[in-house]
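Laboratory data are not the source of any read-out in this text; all were calculated from the coordinates shown. Keep in mind the model is a prediction, meaning the values are calculated, not measured. Here Cβ is always computed from backbone atoms with ideal geometry, including for glycine, and neighbour counts include all displayed protein chains.
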Amino acid sequence: MPRPSAVLETNILVSAHLRAEGLERIVLDLALSRRIQLFYSAAVFKEYEEVLKRPRFHIDPAKLAESLRLIRAAGKRVVPRRQLSAALDPDDNIFIECAEAAGARYLVTGNKRHFPDVWGPTRIVNARELLSAIFDEIKK
């Protein structure tokens with residue numbers, strides 16, 4: 001059985017970096033350990049870099065550089081085939097575009113209200129919903 005596949009919206013990464021014990025950190029750790037197939041596009045990765053470098057988050061630059069390196073190594077880069085206008089916040093369309101290009105099963109976000117419930121084969125879920133949905137698959 002293939003690994004669960006996901007695109008992580010930036011707020012999941014921010015939460016994972018700010019709270020080491022949160023569900024978002026578990027999701028990121030599963031992606032970095034390749035228990036979840038992580039997908040990103042150039043636009044998504046650029047967003048990760050720009051947002052995580054914001055001074056208000058106080059993320060150590062060395063730790064951030066290592067985290068971004070690990071994301072790039074563990075994830076698979078995809079190239080979206082089209083621009084979409086499906087998210088409530090136009091800036092969030094890059095995540096749906098990425099999920100569509102990847103055929104990802106999940107798009108994980110802390111702002112579900114900004115997204116449709118599903119997009120093709122992709123379910124839009126929060127960290128708790130993802131972990132509940134994939135529990136049986138990843139415990140093996």
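Give me the dipole magnitude in Debye, nearest 20, for the chain about the Cα centre, with unit charges on the beta carbon: positive for Lys and Arg, negative for Asp and Glu. Present the calculation step by step, with values, prior to reporting the outcome.
Details: 23 positive and 18 negative charges, 83 e Å.
Charge dipole, the chain, about its Cα centre: 400 debye, nearest 20.
Would you list which aspartates and glutamates come within 18 Å of residue 76, measuring only between C-alpha atoms, while excluding same-chain residues fewer than 8 positions from it?
Filter leaves 9, 29, 47, 49, 66, 97, 100.
Using a Förster distance of 22 angstrom, determine the FRET efficiency expected from the C-beta separation of residue 70 and residue 18, and round it to 0.05.
0.85
Quickly rank 97-104, 82-89, 108-115 as a protection proxy: mean count of other C-beta atoms within 10 Å, highest first.
Listed from highest to lowest mean packing, they are 97-104, 108-115, 82-89.
Go through 21-32, 66-77, 117-128 and give me the packing order, highest mean Cβ count within 10 Å leading.
Ranking the peptides 21-32, 66-77, 117-128 by packing returns 21-32, 117-128, 66-77.
For the range 25-66, I need the span (max minus min coordinate) of the C-alpha atoms along each principal axis, in Å, sorted largest to smallest.
Its Cα atoms span 31, 22, 14 Å along the three principal axes.
Taking only C-alpha pairs under 8 Å that are 6+ residues apart, what is the relative contact order of the chain in percent?
28 percent
Nearest 0.05, what FRET efficiency do residue 85 and residue 53 give at R0 = 35 Å with Cβ-Cβ as r?
Plugging the Cβ-Cβ distance into 1/(1 + (r/R0)^6) gives 0.80.
Starting from the Kirkwood radius over alpha-carbon pairs of the range 5-135, derive D by Stokes-Einstein at 25 °C in a medium of 0.890 mPa s and give it in µm² s⁻¹.
Result for D is 169 µm²/s.
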